[in-house]
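Read the structure below first, then the notes.
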Amino acid sequence: MADLSSNFVGIRSPNPFWLASAPPTDKAYNVNRAFEAGWGGVVWKTLGMDPPVVNVSSRYGAVKLNGQRIAGLNNIELITDRPLALNLEEIMEVKRLWPDRAMIVSLMVPCDEASWKYILPMVEDTGADAVELNFGCPHGMSERGMGSAVGQVPEYVEMVARWVKQHSKLPCIVKLTPNITDVRTSARAAFRGGADAVSLINTINSITTVDLDLMAPTPTVDGKGTHGGYCGPAVRPIALNMVAEIARDQQTYRKPISGIGGIGTWRDAAEFMALGCGTVQVCTAAMHYGFRIVDDMIDGLNNWMDSKGYARLDDFVGMAVPNVTDWQFLNMAYDIKARIDQDKCVKCGLCHIACEDTAHQAITKEKDGIRFFEVIDEECVGCNLCMHVCPIDNCITMERVDEGGYRNWTTHPNNPMSTPA
Amino acid sequence: MTRLTHGDIQAGRLSAVELAGNFADVAPPLDRQQALLAAQRCFYCYDAPCTVACPTGIDIPSFIKRISTDNLKGAATDILSANILGGSCARVCPTEILCEGSCVRNKDDEKPVQIGALQRYATDWIYRDGVQLFTRAASTGQRVAVVGAGPAGLSCAHALARQGVDVVIFEAQAKSGGLNEYGIAAYKVPEFAQAEVSWLLSIGGISVEHGRELGRNLALADLQAQFDAVFLGLGLGSVNALGVPGEHLEGVRNAVDFIAELRQSSDLSRLPVGRRVVVIGGGNTAIDAAIQSRRLGAEEVTLVYRRGAQSMGATVLEQAFARDEGVRLLHWARPVEIQGVDGAVSAIEFAYTVPGPDGRPVDTGERVTLPADSLLKAIGQTFDPISGPALKGGRIAVDTQFRTSIPKVWAGGDCVGGKTDLTVQSVEDGKRAAASIHLLLSRN
């Protein structure tokens, strides 16, 4: 049995699976249920100044893909619409009930020192373990100069992080918005301001779908729509890249990261952790299937770690970071060719037509007049496309055919900038 | 109901509720969600084997793709432009030996994509809403006579009408549709054949004269004289006889007549059926007759075939369906005598057979006698020869363009025979013949 317990910038939790700041963590009822189900921690849904915000009806839009009901989810819900005092009271009560679980409180108040100075002591009084600064929410609040409006200006990120560290002893996590050009700039600013960790990604600006009858974006509120924040499985690759960029950046190398973005299984979590995340946060998957999904996340991660011989999380956290590199350092001597297992092939022809129409004309469609799909090695560049379009597992595999060696673009004769080896 | 020792053929063996259930749609339609799920299983194969296997060449991956994007008009157009009777074919085709049998998903015990059910989903709304997908070209003034309003004739007529040709269909029966109306099991096409025919005819330019039969009140020579071309889609008019003593007895009848009567019955509780039914034959007609007898309330139904299961014309799926319905299948037995009491059938004596050296059945010398109140014969149909066109193998001889030996006379469907005696093949024959006729007419 591996040890899944986590100590993330002083925040302890029995496992690295936290619920992200979002509707599932809006009140004591839900959070108690989450802890009963086994979640290691929660980031309480963002608190703001009273009077509370007001939310609209019709808040979520979903992207369906080939039977997957929620491949991506978009929301236009704002921060908590309950009074501050009620939230603080419930946070205190839940933390007292569940002392071993991580209780992080998400905050979003106007961009002035007084507001932060006002709210932080009240949060500390609840017994919460840490605060997370919501600099990411891309809809509604950003129109009022908060959320991603702050996260998009590195100077503000640094400034607010500094205020928070000045006015509170609690560990401070800065939640980053992906709606920027280079996420490293925001991360560097957060750590310059004294933040203990960053969490990412918040949601991505999005219009889920357009209702072609109403001629309006969805989710539609009485005939109109607005951009929302996109999350769920579809955003995971974007989140993984942003995490990796921060993890391997010289200025923020190995700094604590809490990973967020389409995580729904132990495998998703393990991937984020391999890229340097000490904990992971989940929302969409729980909203899709309920809190019970954490059961397999815990069990599956445990079994996988046992099978790999990892005794604790730190044994593999960040292990993939050194293997994320720049394109220019990739080995050009490496060569692979597609191989089609004729026993597994069902002869659907998808590999042929993909290669024929859109790639390298490297797959035949017949042999002696009979339907037959075979790779023409001389034409195959090893792009993997056929392997991805093939509907049968392990029918098309890629075989390494080079004779070893290493050469990269930096010394390649075609590179005008090349430096002689 | 009192059981009689012989000649026990009575109506009302089941309640009206039971009968309604037994003759309702055997394969209910998919709803949108089921259809989308089924469509998502399609790999969208390139140069797809299912399309190659379809006698009418429906672009199956294309129509399934369109279903998945809610482009039902496009899906229906894909189907019906290749096969104008795509609605009935979706119901009656033995897909397990055609498109679905060729589906690449069949590998490793997987189930094929539900192509037939999806085809029905893509087309059902067309008939329901009366949507016209095709436009008729301006009338060319040319006239073509089509004899027979079965699948071949209807297919030919529609294709010509689209080209602006004026078509007159001559049909012996009171209704159009051919086997779809008179010869297919009721639960496969409930209430559908006439809806499909009227949709097909709604393109315009086609008139149908019922009660007109070649050789009786219709002469080929007159048609040749009055029309620019003639298409013969006559079907098969005769049923093979068993050629054993007792065939004249009461209770012995052709399975096709039993099915036709059932199809035309407006009240199944008044349709007589035997208590103990024996069906002789191995094709789909035999299966349809056997199952429908059971569903009318027959106590025992035995289907007897002189060879083994693999030689039967009915597909493996149809045979399994019959067994599930409680039909007993008896292989390797041939009838030798129909026994009677008081002029009515009472039992049938069979000789057991085994495969001979050439594979044909030979008697073992053993006999078995099955008590029966009703005997339904389904050992194949034959073409009623007509005077005029040359025959080949007992059916009308045609070339690759479905031209007969007589100038300006084409023929297709079961009366020419070909690879298969399937509805879908008849539709293709009619479609090809129409193309050939149009080619000739457009040269005039």
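Nothing in this text is a laboratory measurement; each read-out follows from the coordinates by a stated rule. Because the structure is predicted, anything quoted here is derived from the model rather than measured. Please note: Cβ atoms are built from the backbone with ideal geometry, for glycine as well, and neighbour counts cover all protein chains shown.
In the calculated pair-distance distribution of segment B:175-303, the portion above 20 angstrom amounts to 57 percent of the Cα-Cα pairs. The trypsin sites (Lys or Arg not before Pro) of segment A:185-272 meeting both criteria, a DSSP state outside H, G, I, E and B (loop) and at most 14 other C-beta atoms within 10 angstrom of the site's C-beta, are A:ARG254. Computed over segment B:229-345, the Cα gyration tensor eigenvalues convert (square root of 5λ each) into semi-axes of 21, 19, 18 Å, ordered from largest to smallest. Taking the Cα centre of chain B as reference, the dipole from Cβ charges on Lys and Arg (+1) and Asp and Glu (-1) amounts to some 720 debye.
Comparing A:ILE298, A:ILE180, A:ILE396 in a Gaussian network model of chain A where C-alpha atoms under 10 Å apart are linked, the largest mean-square fluctuation is found at A:ILE396.
Max-minus-min Cα coordinates of segment A:142-183 on each principal axis give 31, 22, 14 Å, with the largest extent listed first. Compute the signed sum of charges (Lys and Arg +1, Asp and Glu -1) over the other residues within less than 13 Å, Cβ to Cβ, of A:VAL221. Charge balance near A:VAL221 sits at -1. Using the Karplus relation 6.51 cos²θ - 1.76 cosθ + 1.60 with θ = phi - 60°, the per-residue 3J(HN,Hα) values for segment B:204-213 come to x, x, 10, 10, 10, 10, 7, x, 10, 10 Hz, with x marking Gly and Pro. Working from the Cα coordinates of segment A:28-109, the gyration tensor eigenvalues give, after taking √(5λ), semi-axes of 26, 20, 9 Å in decreasing order. Using every pair of separate Cα atoms, the Kirkwood estimate puts the hydrodynamic radius of segment B:1-70 at 16.3 angstrom.
Here the Gaussian network model covers chain A, with springs between Cα atoms less than 10 Å apart; of A:PHE272, A:PHE316, A:PHE372, A:PHE372 fluctuates the most.
3J(HN,Hα) along segment B:434-444: 4, 4, 5, 4, 4, 4, 5, 5, 6, 7, 6 Hz, from the Karplus curve 6.51 cos²θ - 1.76 cosθ + 1.60 with θ = phi - 60°, whole Hz, x for Gly and Pro. Remark on A:VAL401: its backbone amide H falls under 5 Å from those of A:ASP335, A:ILE336, A:LYS337, a criterion applied only to residues 5 or more positions apart or on other chains, H modelled at 1.01 Å from N.
Going toward the positive end of the dipole of chain A, with +1 on Lys and Arg Cβ and -1 on Asp and Glu Cβ, which of A:MET417, A:MET146, A:GLY225 do you reach last? Sorting the options by dipole projection puts first A:MET146. Kirkwood Rh over Cα pairs of the protein assembly as shown into Stokes-Einstein at 37 °C, 0.692 mPa s: D in µm²/s? D, rounded to a whole number, is 99 µm²/s.
Dividing the Cα radius of gyration of chain B by 2.2 N^0.38 Å, with N the residue count, gives 1.02. Ignoring aspartates and glutamates fewer than eight residues from B:LYS408 along the same chain, the ones with Cα atoms less than 14 angstrom from its Cα are B:ASP222, B:ASP228, B:ASP399.
Placing unit charges on the Cβ atoms of the charged side chains and taking the dipole of the protein assembly as shown about its Cα centre, the candidate lying farthest along the positive direction among A:ASN323, B:VAL104, B:GLN401 is B:GLN401.
Spacing of the modelled spin labels on A:ASN66 and A:TYR406, each 7 Å from Cα toward Cβ, amounts to 3.7 nm.
Take the Cα coordinates of segment B:316-430, assign each an equal point scatterer, and use the Debye formula without solvent to give log10 I(q)/I(0) at q = 0.13 Å⁻¹. Taken in order of the listed q values, log10 I(q)/I(0) reads -0.81.
Legend: mean number of C-beta atoms from other chains within 10 angstrom of residue C-beta atoms, peptide B:43-52, equals 5.
Out of B:SER269, B:LEU370, B:SER311, whose Cα points farthest toward the positive end of the dipole of segment B:242-400 (charges: +1 Lys, Arg; -1 Asp, Glu; placed on Cβ)? Positive-end residue among those listed: B:SER311. Residue by residue along A:348-355, Cβ atoms of other protein chains within 10 Å of the local Cβ number 4 on average. Compared with the alpha-carbon gap, the fully stretched path from A:ASN415 to A:GLU399 is longer by 3.0 nm at 0.36 nm per residue. Note on B:GLU96 and A:LEU86: the model spin-label points, each 7 Å out from Cα along the C-beta direction, lie 6.2 nm apart. With Cα atoms defining each centre, segment A:299-368 and segment A:3-82 are spaced 33 Å apart in the structure.
If you model segment B:354-414 as an ellipsoid using its alpha carbon gyration tensor, with each semi-axis the square root of five times an eigenvalue, the axes come out at 39, 17, 9 Å, biggest first. Counting only Cβ charges, +1 for Lys and Arg and -1 for Asp and Glu, the dipole size of the protein assembly as shown around its Cα centre is about 580 debye.
In this entry, segment A:60-160 is assigned a mean projected area of 8.5 nm², taken as a quarter of its C-alpha convex hull surface. Listed cross-link partners A:LYS365/B:LYS107; B:LYS111/B:LYS431; A:LYS95/A:LYS169 are compared with a 28 Å cut-off, the Cα-Cα value being larger for B:LYS111/B:LYS431. Of the chymotrypsin sites (Phe, Trp or Tyr not before Pro) found in segment A:214-269, those that fall in a DSSP loop while having at most 12 other beta-carbon atoms within 10 Å are A:TYR253. Dipole magnitude for segment A:173-222: computed about the Cα centre from +1 point charges on Lys and Arg Cβ and -1 point charges on Asp and Glu Cβ, it is near 500 debye. With bins 10 Å wide beginning at 0, the percent of Cα pairs of chain A falling in each bin runs 4, 19, 27, 23, 15, 9, 3, 0, 0. By the Cβ distance rule of under 4.7 Å, chain A has these cysteines without a partner: A:CYS111, A:CYS137, A:CYS172, A:CYS231, A:CYS277, A:CYS283, A:CYS345, A:CYS355, A:CYS380, A:CYS383, A:CYS390, A:CYS395. 3J(HN,Hα) couplings calculated from phi for segment A:233-248 with the Karplus curve 6.51 cos²θ - 1.76 cosθ + 1.60 (θ = phi - 60°) are, in sequence order, x, 5, 8, 4, x, 5, 5, 4, 5, 5, 4, 5, 4, 6, 5, 9 Hz; Gly and Pro show x.
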